[in-house]
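Remarks on the structure that follows.
The values are calculated or read from the model by the stated rules, or taken from the named source; none is laboratory data. All figures in this text were calculated on a predicted structure; none of them were measured in a lab. Counting neighbours? That spans all protein chains shown, and the Cβs are built from the backbone with ideal geometry, glycine included. What goes into the accessible areas is simple: the full protein's heavy atoms, side chains included, and nothing from ligands, DNA or RNA. Shrake-Rupley method; radii C 1.70, N 1.55, O 1.52, S 1.80 Å.
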Amino acid sequence: MRIIIEDNYEALSKKAALMVAGQILLKPNTVLGLATGSTPILMYRELVRMHKEEDLDFSEVITFNLDEYVGLDRNDKNSYYYYMFENFFNHVNIKMENIFIPNGMADNLEEECKRYERLIEEKGGIDLQILGIGKNGHIGFNEPDLKFEATTHVVKLDDETIKANSRFFNRIDEVPRFAISMGIKTIMHSRKIILLSNGEEKAEAVYKAIYGPIVPNHPASVLQLHPDVTFILDRNAAKYLS
Ligand code: GLP
């Protein structure tokens with residue numbers, strides 16, 4: 001495991017974008033695993049800048065998003081589909097047919113999970129997975145106490161996650177109670193993983209992920225077992241690391 005501590009959110013976002021760009025230069029048809037939430041927003045902005053000003057080419061890149069809310073339409077501004085197009089896909093030369101996001105509106109959600117998992121396999125697996133981390137240690141929407149062996153599945157969101165994510169919605173009761181998420185097993189099968197975290201409110205979750213026991217109660221702790229994981233943190237998120 002590598003731990004990189006940057007002075008601030010801007011610097012950590014630039015470092016993450018550089019790593020993604022490096023991966024794309026090395027392998028133009030890279031399969032990227034992508035995260036949503038507030039943490040990766042500046043990384044996406046920097047990748048868009050690199051595309052516009054430095055010709056970073058996404059024409060062969062394939063992407064799989066980590067998760068999506070159940071029951072939100074693509075056009076709903078809180079769906080992760082909307083987020084990805086708004087913050088990233090609309091501004092780079094990625095091909096529509098290379099973008100994969102779980103469909104939270106599918107009639108048969110179980111079937112959708114299986115389809116998603118099959119697609120990841122068909123495209124050769126994820127080369128580089130970007131992750132954020134929840135205050136309770138969740139990665140994707142893998143909430144505490146979910147089994148490490150889970151593949152893409154439907155999850156019931158924790159009250160803490162619903163509360164945390166309600167900041168994007170008008171009212172807390174508008175936050176979906178369920179989501180589709182890649183499972184821990186799916187994430188652990190990625191060849192490389194980069195976890196981004198900034199801000200003091202994540203410091204404890206980051207500390208437990210790196211130094212805590214490897215337990216389903218703190219999902220990100222499983223990353224200690226991955227052979228190629230890099231944490232990129234700002235000073236606040238790294239507060240408890242010595
Ligand atoms: C959300 C997402 C995760 C994200 C995490 C942290 O619920 N499902 O993929 O990493 O919570 O979000 P944020 O970056 O906004 O703190």
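Answer yes or no: is there a residue in the range 160-171 that is farther than 19 Å from His218 by Cα, touching a residue at least 60 places away in the same chain (Cβ under 8 Å) and more than 14 Å from the ligand (Cβ to nearest atom). No, the conditions are met nowhere in the range 160-171.
Within the range 98-107, none of the residues are within 14 Å of the ligand (Cβ to nearest atom), of a type in the set (Phe, Trp, Tyr) and touching a strand residue (DSSP E or B) at 6+ places or on another chain (Cβ under 8 Å).
Of everything in the range 117-126 that is assigned to a loop (DSSP other than H, G, I, E, B) and open to solvent by less than 20 Å² (accessible area, probe 1.4 Å), the residue that is nearest to the ligand (Cβ to nearest atom) is Ile126.
What do you reckon, is Ala150 of a type in the set (Gly, Ala, Ser) and within 10 Å of the ligand (Cβ to nearest atom)?
Working: of a type in the set (Gly, Ala, Ser): yes; within 10 Å of the ligand (Cβ to nearest atom): no.
The answer is no for Ala150.
Would you kindly identify the helices (runs of 4 or more DSSP H) lying entirely within the range 1-108 that contain at least 3 residues that are modelled with pLDDT under 95 and open to solvent by 40 Å² or more (accessible area, probe 1.4 Å)? Output list is empty. Could you check, for the range 127-138, whether at least one of its residues is open to solvent by 30 Å² or more (accessible area, probe 1.4 Å), under 21 Å from Ile187 (Cα atoms) and either within 16 Å of the ligand (Cβ to nearest atom) or in a helix (DSSP H, G or I) (or both)? Within the range 127-138, one or more residues are open to solvent by 30 Å² or more (accessible area, probe 1.4 Å), under 21 Å from Ile187 (Cα atoms) and either within 16 Å of the ligand (Cβ to nearest atom) or in a helix (DSSP H, G or I) (or both). Is it true that some residue in the range 172-182 is buried (at least 21 other Cβ atoms within 10 Å of the Cβ), away from the ligand (no atom under 15 Å from the Cβ) and closer than 25 Å to His226 by Cα? No, that holds for no residue. Taking the range 231-242 as the range and being in contact (Cβ under 8 Å) with a residue 40 or more places away in the chain and surrounded by fewer than 20 Cβ atoms within 10 Å (Cβ to Cβ) as the test, the residues that pass are Arg235, Leu241.
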